[in-house]
1. Scan the stretch 10-22 for residues that are out of contact with any strand residue (DSSP E or B) (no Cβ under 6 Å at 6 or more places or on another chain) and of a type in the set (D, E, K, R) and jot them down.
2. Out of curiosity, is D48 modelled with pLDDT under 70, surrounded by 10 or more Cβ atoms within 10 Å (Cβ to Cβ) and acidic (D, E)?
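The values are calculated or read from the model by the stated rules, or taken from the named source; none is laboratory data. All values reported here derive from a predicted model rather than from experimental measurement. Cβ: placed from backbone, ideal geometry, glycine included. Neighbour counts: every protein chain shown.
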Amino acid sequence: MQCPYCKEEIKDGAIKCKHCSSFLNDVSKDSTEKNEVTNRIEVRQKKDKINKTNKFKSETWWQIWGFIVIIAFIIRVFKHCSAK
């Protein structure tokens, strides 16, 4: 195998050229790693979006139920006070 930078002969699978000290990154390996990282980021963003949506729905329901309970309590108090 030849170094793509200095064209000297190097061992197959070398990480760094012993002649010019250039790092020999496999382009296909780098692009595969980038794709894997990008996919993981996209999956995480989708999960975060779903969690935020579910959290919003959950908080909204608690707010609605709280509002209903407060209104029911106020109505009961007013009925009790007006009955006397």
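1. Our first condition is that a residue be out of contact with any strand residue (DSSP E or B) (no Cβ under 6 Å at 6 or more places or on another chain); within the stretch 10-22, this holds for 10-15, 17-22.
Matches in the stretch 10-22: K11, D12, K18.
2. Details: modelled with pLDDT under 70: no; surrounded by 10 or more Cβ atoms within 10 Å (Cβ to Cβ): yes; acidic (D, E): yes.
No, not satisfied.
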